[in-house]
Each structure stands twice: as structure tokens, then as C-alpha cells.
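Just below is one structure, and these are the notes that go with it.
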Amino acid sequence: MVQPHQDRRPAKPGTDEWLRASGPHYLDVLERLQRLLDPEWYFEIGTGRGNSLARGTGKAIAIDPEFRVKQDVIGQRSELHFYRQTSDDFFASGAIARLTDQIDLAFIDGMHLFENVLRDFINTEKLCRGESVVLLHDLVPFSSAAAARAWDPEVTKGWSGDVWKMIPILRDYRPDLDFTVLDSRPSGLGMISGLDPENRVLEAAFDEIVAAYRDMTLETYGVSAFREMAKMTNVMDVLVSNAIGEDLEA
């Protein structure tokens, strides 16, 4: 299990400066985490063009209702399974049971609405073990427009949606998890270990959580409060301490 050194430096008093992730790009971080963890089975929700899928070498399962892959994502993999469907449909199908009984590393980057990500995390954790790691993308929006529930491409090219809400949700409801928010560009990367496939806390509270967070904005939550809640960790503290970050430029 990766043991990060958390950056707990407090924000400057009285400031509401936007919290920005300024570390190495998340694709580079993902590649090096795979090198460190060497997962037998990698599981990905939201493959899109395959940019993240192309960074690994182990057996993999990729989920996306609209694949746009035009690059080599197979490489040296012995197995690669594509499922052209929503993550909800995939989990409901039970298809993964025909492939493996556990996932070692998962990357969740599907629909950028917190309730979708929450549901994906709940279902993914059931496929994991204590030593597995789940990565959540887009936890740190780079602008107010990018943090909106509805994407307006005329206002912002990038969109992380309200996935940021997963930070207070997991910190409040699952303090048992080892949950670190890495400062990888452009919108942060959550790294979660200490998973428990038998835990049903989030599942039991799902409706309660959605009702509480559905209409919340980052502005009403408070940018300063979010900064303190996020407790972003320097990516290099994690990678260099595990001897895999020497060639990674910030």
C-alpha cells in the first residue's frame, strides 16, 4: 500500500483563492502508479480515446458507452476486455465474474456527476480487496465553470463537473479509508486504499448523500473550506518516496 506524506500546510487566512492542482499530469502519475503497484487486473471506467488505458501493461477491463480509441492500447497486455455500455449496466450484468474475482487497480473517470462517481466507487469497491487501489479523477476543479453540474463548452473547454463532492463525502462517511488527494494536473487525482468490499455504509446512505449534496455548489460550500477538506498532497512526495518519480517532471 502506498504511504503518502500529506501536505497539511494551512491556507493563508482570509483568502478564497481558487484551489489549483499544479503537479505532474495525471496520465504520467497513472503510468507510474501502475509501475509501482504492478496490478494483475486494471479496471477503468470512462476510457474515451484510450489515453489512460494506454499507460498500463497488465490485464485490463475497459468500460465506456462510446469508445473513441484510435491508438494502441493493447501493447504487451495478455488480456484486454472492452464493454461498450454504461458502468451501471456493466455492474448489473455480473460480467466481471467471468474474468476475475478481484480488481487490483481501478481508475474511475466516467460521467462527471458526483452521484455517478459515488455509485461507481460503491460498485468498484465490491470487486476490490484490502490491498487494491482506486483512483478518482477530477476531484479538484480548475474553475467555477468547470465545477458546474452542466457543461457549457462555450464557457469552459475542460469540465470536471461536481466530482469534487466526493472529497467531503468520503472523508465524512468513510474515514476508515486511506484517502489522499494528489495535486496532479489539471484537476487532481484521488488515491484510495484500505478498501473493504463488505462495507455498505455508502450504499445504505446513498439517497441521503445525494439529497444533501445535489444542489450544493463549490461557492456555497466555500472555496476555503474545500481547500482545507481536500488536503492536497504533492505527487512527488508519493512517487519519489517510492523510487518511481525520478524521471517525472512537474
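The values are calculated or read from the model by the stated rules, or taken from the named source; none is laboratory data. Everything numeric here is computed off the predicted structure, so don't read it as measured data. Ideal geometry is used to build each Cβ from the backbone, glycine not excepted, and the neighbour counts take in all protein chains shown. The area values use the complete protein model at the heavy-atom level, side chains included, leaving out ligands, DNA and RNA. Shrake-Rupley method; radii C 1.70, N 1.55, O 1.52, S 1.80 Å.
Taking all protein chains together, K126, K59 sort by accessible area into K126, K59, largest first [probe 1.4 Å].
If R0 is taken as 30 Å, the Cβ-Cβ distance between A212 and D89 corresponds to a FRET efficiency of 0.65. If a spin label sat at a point 7 angstrom from the Cα of E79 along the line to its beta carbon, the backbone N atoms of the range 18-43 nearer than 20 Å would be those of 34-35, 37-43. Of the DSSP H helices in the chain, those that are both long (alpha-carbon extent of 15 Å or more along the helix axis) and hydrophobic (Kyte-Doolittle mean at least -1.0) are 26-37, 114-125.
Could you tell me what percent of the DSSP beta bridges with both partners in the range 114-250 are antiparallel, to the nearest 5?
90
When only alpha carbons are used to place a centre, the range 86-149 and the range 151-190 end up 12 Å from one another.
In whole angstrom, how long is each semi-axis of the equivalent ellipsoid of the range 124-250, when you take the square root of 5 times every eigenvalue of its Cα gyration tensor and sort them from largest down?
After diagonalising the Cα gyration tensor, the semi-axes are 24, 22, 12 Å.
Full extension of the chain segment joining D38 with W18 gains 3.7 nm, where the gain is 0.36 nm per residue of separation less the Cα-Cα distance.
With all pairs of separate Cα atoms included, the range 39-116 yields a Kirkwood hydrodynamic radius of 12.7 Å. Distance between the modelled labels on R171 and A205, one decimal in nanometres: 1.4 nm (7 Å Cα→Cβ projection). Pairwise Cα distances in the range 110-190 exceed 17 Å for 46 percent of all pairs.
Computing the accessible area with a 1.4 Å probe over protein heavy atoms, can you report the carbon and sulfur percentage for the chain? Carbon-and-sulfur percentage of accessible area, whole number: 48. In this simple spin-label approximation, D72 and V155 carry label points 7 Å from Cα along the Cα→Cβ vector, and these lie 4.2 nm apart.
Under the criterion of Cα pairs below 8 Å and six or more residues apart, the relative contact order for the range 23-247 equals 19 percent.
With every protein chain kept in place and ligands, DNA and RNA left out, what is the accessible area per residue of the chain? Probe 1.4 Å, answer in Å².
Ligands and nucleic acids excluded, the figure is 47 Å² per residue.
Value of Rg to Rh for the range 159-221, rounded to two decimals, is 0.97; Kirkwood radius and Rg both from alpha-carbon coordinates. Shown are D183, D178, whose ranking by accessible area with a 1.4 Å probe and every protein chain present, most to least, is D178, D183.
Think of each Lys and Arg Cβ as +1 and each Asp and Glu Cβ as -1; about the Cα centre, that makes the dipole of the range 101-230 roughly 260 debye.
Taking a quarter of the surface of the Cα convex hull of the chain gives a mean projected area of 13.3 nm². Only protein heavy atoms count here; under a 1.4 Å probe, V223 has an accessible surface of about 20 Å². With the simple spin-label model, which puts each label point 7 Å out from Cα in the Cβ direction, the N51 to T220 separation comes to 3.2 nm. Among the protein heavy atoms, those of L202 account for about 10 Å² of accessible surface (1.4 Å probe, every chain in place).
Think of the chain as a dipole: +1 on every Lys or Arg Cβ, -1 on every Asp or Glu Cβ, centred on the Cα centre; then among Y221, N234, Q102, N234 lies furthest on the positive end.
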